[in-house]
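Below is one structure; the comments refer to it alone.
The values are calculated or read from the model by the stated rules, or taken from the named source; none is laboratory data. Bear in mind the structure is a predicted one, so any value in this text is a computation, not a measurement. Cβ sites come from the backbone with ideal geometry, for glycine too, and all protein chains shown count toward neighbours.
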Amino acid sequence: MIVFATNNAHKLQEIRQILGDGAKVMSLEDIGCRDDIPETADTLEGNAEIKARWVAEKYGADMVFADDTGLEVAALGGAPGVYSARYAGPGHDSAANMARLLREMDGVADRSARFRTVIALVRGAELTLVEGVVNGTIATEPHGTDGFGYDPVFVPEGHSVTFAQMSADEKNAISHRGRAMARLLEVLSIK
Ligand code: ITT
């Protein structure tokens, strides 16, 4: 049994699409976990590990992975980074988070940014960490309705549209999460 420790339905959907029909990934809902897992670390690595270990230890799953993702904006010194989900307050409100980001970036010339995903895989006592990064820029206003989170304001390098204007397959092929997942599969020698 492989469990993906996330409360974010969009992440779950992306990971299932990336893995295809071959691998069956259980969600927290599938295993009856409704815990609000405290993300108390100040790094993506730390929070990914906390989420994966929590589920492995409390629910006795033999393989658990968790993703922690941050949007790191150069002109903001790497913010919102590990605090991306709570940038505009504790409500995990993507519209408010994007609005704050666009306010902070108002008139800023250097709009370079990157998404970074860290995936922690816990198998018994063994911890594996992998990372995936995509560079890009912050748009001056939101565009597109697909995807989630900060996707409407992130234009990946080499493209002229935001992640929210791409199909799920297009995003997954170049995204932070797609790349981290490819690394994880290499480590597991699945693909
Ligand atoms: P879990 O911790 O339950 O996995 P979460 O939504 O809290 O779900 P994170 O702590 O990794 O996930 O939050 C990172 C923030 O960055 C959150 O606001 C997301 O909406 C956003 N985010 C994560 N992945 C993203 C992506 O692929 N595209 C756009 N925004 C993303």
Query raised in the report: If residue 129 satisfies every condition in (1) within 20 Å of residue 5 (Cβ to Cβ); (2) free of Cβ contacts under 8 Å to residues at least 40 places away in the same chain but one, which is the exception?
Result: (2)
**Report entry** Unmet requirement for residue 148, which otherwise passes all of (1) closer than 22 Å to residue 92 by Cβ; (2) crowded, with 16+ Cβ neighbours inside 10 Å
**Finding:** (2)
Query raised in the report: Could you say which residue among 70, 20 is within 21 Å of residue 147 (Cβ to Cβ), out of contact with any His (no Cβ under 8 Å at 6 or more places or on another chain) and modelled with pLDDT under 95?
Result: 20
**Report entry** Scan of region 64-85 for residues that are of a type outside the set (A, V, I, L, M), more than 8 Å from the ligand (Cβ to nearest atom), on the phi < 0 side of the Ramachandran plot and outside any strand (DSSP E or B), ordered by number
**Finding:** 83
Requested in this report: Consider residue 1 carefully, then state whether it is exposed (fewer than 15 other Cβ atoms within 10 Å of the Cβ), farther than 20 Å from residue 171 by Cα and of a type in the set (A, V, I, L, M, F, W, C).
Outcome: yes
Requested in this report: Out of the residues in region 4-22 that are free of Cβ contacts under 8 Å to residues at least 60 places away in the same chain and either of a type in the set (D, E, K, R) or surrounded by 14 or more Cβ atoms within 10 Å (Cβ to Cβ) (or both), state the one that is nearest to the ligand (Cβ to nearest atom).
Outcome: 7
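So which of 55, 25 is within 12 Å of the ligand (Cβ to nearest atom) and touching a strand residue (DSSP E or B) at 6+ places or on another chain (Cβ under 8 Å)? Can you show your working first?
On the way: 25 fails: within 12 Å of the ligand (Cβ to nearest atom).
Among 55, 25, only 55 is within 12 Å of the ligand (Cβ to nearest atom) and touching a strand residue (DSSP E or B) at 6+ places or on another chain (Cβ under 8 Å).
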Query raised in the report: Do we find that residue 129 is outside any loop (DSSP other than H, G, I, E, B), modelled with pLDDT of 95 or more and in contact with a Phe, Trp or Tyr (Cβ under 6 Å, 6 or more places away or on another chain) in this structure?
Result: no
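Would you point out which residue out of 98, 181, 166, 105 is under 30 Å from residue 1 (Cβ atoms) and surrounded by 15 or more Cβ atoms within 10 Å (Cβ to Cβ)?
Details: 98 fails: under 30 Å from residue 1 (Cβ atoms); 166 fails: under 30 Å from residue 1 (Cβ atoms); 105 fails: under 30 Å from residue 1 (Cβ atoms).
Criteria check complete, one pass: 181.
Does residue 149 qualify as being in a loop (DSSP other than H, G, I, E, B) and near the ligand (Cβ under 9 Å from one of its atoms)? Before you say what the answer is, go through the steps one by one.
Values: in a loop (DSSP other than H, G, I, E, B): yes; near the ligand (Cβ under 9 Å from one of its atoms): yes.
So residue 149 fits the description; yes.
Considering every residue within region 54-63, establish whether at least one is of a type in the set (Ser, Thr, Tyr) and either under 17 Å from the mean Cα position of the chain (by Cα) or surrounded by fewer than 17 Cβ atoms within 10 Å (Cβ to Cβ) (or both).
Taking region 54-63 and keeping what is of a type in the set (Ser, Thr, Tyr), we get 59.
Subset that is either under 17 Å from the mean Cα position of the chain (by Cα) or surrounded by fewer than 17 Cβ atoms within 10 Å (Cβ to Cβ) (or both): none.
No, because not a single residue in region 54-63 is of a type in the set (Ser, Thr, Tyr) and either under 17 Å from the mean Cα position of the chain (by Cα) or surrounded by fewer than 17 Cβ atoms within 10 Å (Cβ to Cβ) (or both).
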Query raised in the report: List the pairs whose first member sits in region 145-173 and is of a type in the set (Asp, Glu), whose second member is within 7 Å of the ligand (Cβ to nearest atom), and whose Cβ atoms are under 7 Å apart, counting only residues at least 6 apart or on separate chains?
Result: 151/163
Requested in this report: Given the conditions (1) polar (S, T, N, Q); (2) over 22 Å from residue 79 (Cα atoms); (3) outside any helix (DSSP H, G or I), report the number of the one that residue 40 does not fulfil.
Outcome: (2)
Query raised in the report: What residue, among those in region 86-108 that are in contact (Cβ under 8 Å) with a residue 24 or more places away in the chain and either within 12 Å of the ligand (Cβ to nearest atom) or not in a helix (DSSP H, G or I) (or both), is farthest from residue 138 (Cα to Cα)?
Result: 94
